[in-house]
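Visitor: Supplied in structure tokens, the structure appears directly below.
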Amino acid sequence: MNYETLQIEQGDINIVSHGGLALIGQAIQRYTHLSRELDTLIPLRHGTKHSDILKTYTAMPCLGKNDFEAINTLENALYFMTAIGLKELLSEPTLRQRMNKQAKNFLPFVEKASLDFLSNSQPTLTSVSTGHLPIDADVTPMDNSGSHKEGVSHTYKDYDGYAPMAAYLGQEGYCLASE
């Protein structure tokens, strides 16, 4: 997929509400080696490339979608595919089965890509008045009440859900790690 075909320009009207998705695709392509490393180091004889699975899984929460079935509800599949560099839209069963089987194997590649992005994009990191660079870590409870998902439990926010923990770097809040 040629990422150079996407041009981001300011206009007078809102054409697509998920315009930031193109930035996610560009960030993965330009500042990480995620696709090449993942597809090379975890070989696949046939089927959808591991990197396409992971790019799709990464992009879905950026659209406010947090479950596998949400892939079936995309309003503009062509834009989604172009923005993150897919040749075809994945099916919900393919996405679910591959993530269930490979998620633990994918994790080191995701963590490396996150660090590669921060290193290669050279973002501005603002320190606090003492000159220290802050790292903030906290949980973010996610409401999954009534979802029947595995692993859901009561959170301190008084609802059933998950509470993933993330660490953010600098005053800008770049995500350094999450669990």
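The values are calculated or read from the model by the stated rules, or taken from the named source; none is laboratory data. Only a predicted model underlies this, so the values are computations on that prediction, with no experimental measurement involved. Cβ atoms come from the backbone with ideal geometry, glycine included; neighbour counts cover every protein chain shown. Ligands, DNA and RNA are excluded from the accessible area calculation, which covers all protein heavy atoms including side chains. Shrake-Rupley method; radii C 1.70, N 1.55, O 1.52, S 1.80 Å.
Visitor: Loop only by DSSP, 15 or fewer other Cβ within 10 Å of the Cβ. Give me the trypsin sites (Lys or Arg not before Pro) in the stretch 65-145 that pass, ordered by residue number.
Guide: Details: sites: K65, K87, R96, R98, K101, K104, K112; in loops: K65, K87.
Passing sites in the stretch 65-145 are K65, K87.
Visitor: If you don't mind, there's one more thing I want to ask. Under the Karplus relation 6.51 cos²θ - 1.76 cosθ + 1.60, θ = phi - 60°, what is the ordered set of whole-Hz ³J(HN,Hα) values for the stretch 127-137, x standing for Gly and Pro?
Guide: 7, 7, 4, 7, x, 7, 8, x, 10, 9, 10
Visitor: Still on this structure: Looking at P93, G64, N105, which one has the Cα that reaches farthest to the positive end of the dipole of the stretch 9-113 (charges on Cβ: Lys, Arg +1; Asp, Glu -1)?
Guide: Toward the positive end, the furthest listed residue is N105.
Visitor: Still on this structure: Not counting the cut sites, what is the longest span of the chain without chymotrypsin sites (Phe, Trp or Tyr not before Pro) that DSSP labels loop and that have at most 15 other Cβ atoms within 10 Å?
Guide: 1-155
Visitor: What is the distance in Å between the Cα centres of the stretch 122-157 and the stretch 84-114?
Guide: Taking the Cα centre of each part, the stretch 122-157 and the stretch 84-114 sit 22 Å apart.
Visitor: What do you get for GluC sites (Glu not before Pro) in the stretch 33-101 restricted to DSSP loop and a cutoff of at most 10 other Cβ within 10 Å of the site's Cβ? Can you show the working numbers first?
Guide: On the way: sites: E37, E69, E75, E88; in loops: E75, E88.
Listed in order of number, the matching sites are E75, E88.
Visitor: Next question, about the same structure. About the Cα centre of the chain, what is the dipole size in debye to 20, counting +1 per Lys and Arg Cβ and -1 per Asp and Glu Cβ, all else neutral? Can you show the working numbers first?
Guide: Working: 14 positive and 21 negative charges, 144 e Å.
The dipole of the chain has a size of about 700 debye.
Visitor: Percent of accessible area on the stretch 79-148 owned by carbon and sulfur, 1.4 Å probe? Kindly include the intermediate steps, with their values, before the conclusion.
Guide: Details: 2370 of 4450 Å².
Carbon plus sulfur share of accessible area: 53 percent.
Visitor: For T140 and A27 in one chain, what is 0.36 nm times their gap in residues minus the Cα-Cα distance, to one decimal in nm?
Guide: So the chain would gain 38.3 nm between T140 and A27.
Visitor: Using a 1.4 angstrom probe, figure out how much accessible area the stretch 1-135 has per residue, in square angstrom, rounded to the nearest whole. Walk me through the numbers on the way to the answer.
Guide: On the way: 8850 Å² over 135 residues.
Heavy-atom accessible area per residue stands at 66 Å².
Visitor: Percent relative contact order of the chain, based on C-alpha pairs within less than 8 angstrom and at least six residues apart?
Guide: Details: 202 pairs, mean separation 33.8, N = 179.
Once divided by the residue count of the chain, the mean separation gives 19 percent.
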